Structures are given as C-alpha cells and as structure tokens.
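Quick note: the coordinates plus some simple rules give every number you see, no bench work behind them. Computed from a predicted structure; not experimentally measured. Neighbour counts run over all protein chains shown; Cβ positions are idealised from the backbone, glycine included.
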Amino acid sequence: MAPPRNIVILTGAGISAESGIDTFRSAGGLWEQHRVEDVATPEGFARDPDLVLGFYDMRRAALADVAPNAAHRALARLQAAYSGEVLLVTQNVDDLHERGGAGQVLHMHGELKSALCTACGTRSRWDRALIERPPCPVCAAPMLRPDVVWFGEMPYEMGRIYQALEVCDLFVSIGTSGAVYPAAGFVQEARAAGAHCLELNLEPSEGSHLFHETRLGPASVLVPEWVDEVLAC
Ligand code: BV8
C-alpha cells in the first residue's frame with residue numbers, strides 16, 4: 001500500500017487520560033461530577049455564570065499539574081517527520097498537544113487557555129481565572145467567558161476540517177467515544193472520500209463499526225507504535 005498522502009487525526013479526552021486529565025464519560029469522569037446542562041451549555045452559563053466560570057477556572061488551573069504523555073509526543077514527531085500532510089484536530093480543550101511539541105493543532109471545541117469576549121467577540125490567550133470578571137484586553141468590558149464550544153454552539157474550523165476530510169487517505173481517531181457530533185461523524189465523511197479509517201482506543205467506541213481497523217489499548221502505547229509504522233513506510 002502506497003504511503004498515505006493526506007492524514008487527518010482526531011483526538012479526544014482518552015489521549016490525555018494517562019496525563020491525569022479526567023475523561024468525560026468514564027466512571028467518576030467530568031460528566032459524573034457536573035451536569036452537562038449546567039456547565040457546558042449557553043443556557044447553563046446564563047443561569048449560573050459563577051458555577052460555569054469556576055468550573056473552567058478549576059480545569060485551566062489544573063493544567064499546571066499535568067504533562068503531555070508519549071502519545072502527544074509521538075503525534076508531534078509524526079507532524080515533524082512525515083513527508084505528506086498531517087492535520088491534527090482535537091476535541092480537547094487542554095494544551096497538551098502543543099506542550100508535547102505539536103505544531104498546528106485545530107481545537108474544534110476551543111481551549112482553556114483562551115477567553116472569548118461576549119461584548120466584542122475577541123478571542124484572547126488567557127491563563128488566569130475569569131470568575132473575578134477581568135476586563136477584555138481589547139474593549140475593556142468585563143464580559144469574558146471560557147473560549148470553549150458548548151453544546152448547541154458551532155464548533156471552530158469546520159470548513160477546514162471538512163475540506164481535509166474530503167481529500168484524506170487515512171483517518172485516525174484516538175481516545176474518543178464517538179458520542180459527540182459533528183466530530184463523531186468525521187469517520188463517515190472520511191469513508192465517503194475513500195480513506196482508510198483506523199481507531200486507536202482503550203475500548204470500542206460508539207462508531208467502531210465504521211472503522212476498517214480498531215486497535216484496543218492505552219494511547220501511550222498504541223500511538224507511538226502506529227507512528228513508527230507510518231514513518232517506516
Ligand atoms: C453542534 C467543550 C451545530 C467543552 C464539548 C447529531 C446527532 C445527535 C446530536 C447532535 C447531532 N449534531 C449535534 C448534536 C448535538 C450535540 C451532540 O453531539 N450531543 C450528543 C451528546 C448527542 N453536539 C453539539 O451541540 C455540537 N454543536 O452540533 O452545532 C452544528 C452541526 C453540524 C456542523 C456544525 C454545527 C457541539 C458539541 C461540543 C460540546 N463541547 N467540549 C468542555 O470540554 O467542557 S464536547 C466534550 O465532550 C469534548 O470536547 C468531547 O467532544 C466530548 C467528550 O468526548 P470524548 O473526548 O470522546 O471523551 P469521552 O470521555 O466521551 O470518551 C473518552 C474515550 O477515550 C473513551 O472511548 C475511552 O475508552 C477512551 N480512553 C480512555 N482512556 C484512554 C482511552 N483511549 C486510549 N487511551 C487511554 N488511556
């Protein structure tokens with residue numbers, strides 16, 4: 001098989017689990033500790049902004065206590081060494097891909113290290129708490145919210161992602177349960193484009209039947225192995 005020219009990689013919470021960041025749907029995961037409707041919807045934010053700002057302030061601060069793992073580093077190595085195109089799309093709002101050495105990362109669900117002004121729409125790099133309502137660096141309005149995509153909101157970079165899926169030869173999904181759309185629908189888009197679809201996950205996901213190949217195990221083992229294979233092509 002000729003080496004794939006265009007690779008699209010989608011990652012989820014599972015790739016950061018071994019770094020100590022809770023996944024969402026696992027036992028004791030984030031969605032067991034907090035009701036999605038309360039902390040990850042525009043309606044929840046309108047109802048109780050302090051609860052939501054506190055939730056994301058906690059997760060942003062916790063980034064200082066974690067570090068990228070072998071899976072993050074392996075994907076950075078692939079991006080740097082591969083002769084073809086490698087587009088890295090993540091559902092994660094943590095910064096471990098970048099801290100693992102990755103160059104371009106499309107955060108389709110936003111980032112903890114960014115703040116969105118609801119007055120002027122500016123997105124600013126941010127690493128402090130938001131609960132004290134600090135002023136927007138551009139318009140000075142005390143109207144900053146976490147720059148994450150909540151349920152019912154349009155994900156970022158959808159145009160570029162669909163463009164890449166239309167021409168990808170290899171689609172790889174890592175550490176995601178395939179429960180949240182539109183990300184969970186990318187495998188169908190890739191298949192329709194004739195791509196080979198590979199899943200690397202701890203357990204079968206909701207979309208496993210849509211992949212040509214599923215490898216089960218921890219990302220810190222499966223991802224470096226897979227990257228070595230591709231770079232040996
Ligand atoms: C939208 C940011 C319009 C905030 C998040 C179609 C059908 C049904 C419903 C919908 C539909 N289309 C839209 C919807 C509604 C909704 C949706 O999907 N609802 C679901 C619940 C049914 N989607 C939306 O509202 C989206 N917006 O659709 O806008 C539109 C439509 C089309 C085109 C454009 C616009 C917005 C959704 C984004 C919500 N924000 N995050 C925050 O982080 O707080 S979602 C959040 O949850 C994550 O970002 C991620 O996306 C999702 C969690 O999923 P995973 O990352 O997969 O994590 P999970 O815990 O579930 O699974 C972890 C996996 O890892 C497991 O499989 C496990 O086995 C594995 N694992 C664990 N450890 C390891 C491991 N694997 C390897 N190694 C390990 N060590």
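Specify whether the C-alpha gyration tensor of the chain places it in the rounded, prolate or oblate class, a ≥ b ≥ c being the square roots of the eigenvalues: rounded for a/c under 1.5, otherwise prolate if a/b is larger than b/c and oblate if not. It comes out prolate by the Cα gyration axes. Kindly identify region 179-233 as rounded, prolate or oblate by the Cα gyration tensor criterion: order the square roots of the eigenvalues as a ≥ b ≥ c, call it rounded if a/c is under 1.5, otherwise compare a/b with b/c, prolate if a/b is larger, else oblate. It is oblate, given that a/c is not under 1.5 and a/b is not larger than b/c. Neighbours of H72, meaning other residues whose beta-carbon lies under 14 angstrom from its beta-carbon, give a summed charge of -1 when Lys and Arg score +1 and Asp and Glu score -1. Summary of packing: across the peptides 32-38, 196-202, 52-58, 91-97, the per-residue average of other C-beta atoms within 10 Å ranks them, highest first, as 91-97, 196-202, 52-58, 32-38. Comparing P204, P142, P155 in a Gaussian network model of the chain (Cα springs below 10 Å), the most mobile by mean-square fluctuation is P142. For region 50-124, the gyration tensor built on C-alpha atoms gives an oblate shape. Its axis ratio a/c (a ≥ b ≥ c) is at least 1.5, and a/b is not larger than b/c. Taking the longest Cα principal axis of the chain as reference, the axis of helix 219-232 is set at about 50 degrees.
Helix 70-81 and the longest principal axis of the C-alpha atoms of the chain enclose an angle of approximately 70°.
For the chain, the cysteines with no partner cysteine C-beta closer than 4.7 Å are C168, C197, C233. In the chain, Cα pairs under 8 Å separated by at least six residues give a relative contact order of 23 percent.
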